[in-house]
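See below for the structure under consideration.
The values are calculated or read from the model by the stated rules, or taken from the named source; none is laboratory data. Source: prediction; values computed, not measured. Backbone-built Cβ (ideal geometry, glycine too); neighbour counts: all protein chains shown.
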């Protein structure tokens, strides 16, 4: 097998950069403003759990997610110890607004 070759970095705004487009200049900023984000599938496991919990239990999870004192591992352990099925990576994705829940609410 051959060695893995990393392609050179290309600055698309540079003149004569060799970047081909199918049509004249496309303003990406305009696309961001006019294109609605598309949520594929169901909300993340944390979002589903937040939707099903009520009262003090929901408030406790909201607090855990908002608090820096609760690490991703601590939140995950607390939830799984109580019998909830939540992906560990889903916790930080949900906290950072990078999950499907956040994409649906934009």
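Conditions tested, residue by residue: (1) touching a helix residue (DSSP H, G or I) at 6+ places or on another chain (Cβ under 9 Å); (2) surrounded by 11 or more Cβ atoms within 10 Å (Cβ to Cβ); (3) at pLDDT 95 or above.
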position: 30; (1), (2), (3): no, no, no
position: 34; (1), (2), (3): no, no, no
position: 37; (1), (2), (3): yes, yes, no
position: 41; (1), (2), (3): yes, no, no
position: 44; (1), (2), (3): yes, yes, no
position: 74; (1), (2), (3): yes, yes, yes
position: 86; (1), (2), (3): yes, yes, no
position: 93; (1), (2), (3): yes, yes, no
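Return yes when residue 22 is modelled with pLDDT under 70 and either out of contact with any helix residue (DSSP H, G or I) (no Cβ under 6 Å at 6 or more places or on another chain) or surrounded by 15 or more Cβ atoms within 10 Å (Cβ to Cβ) (or both) and no when it is not. If you could, list the steps in order and put the result at the bottom.
Details: modelled with pLDDT under 70: yes; either out of contact with any helix residue (DSSP H, G or I) (no Cβ under 6 Å at 6 or more places or on another chain) or surrounded by 15 or more Cβ atoms within 10 Å (Cβ to Cβ) (or both): yes.
When the stated conditions are applied, residue 22 passes them.
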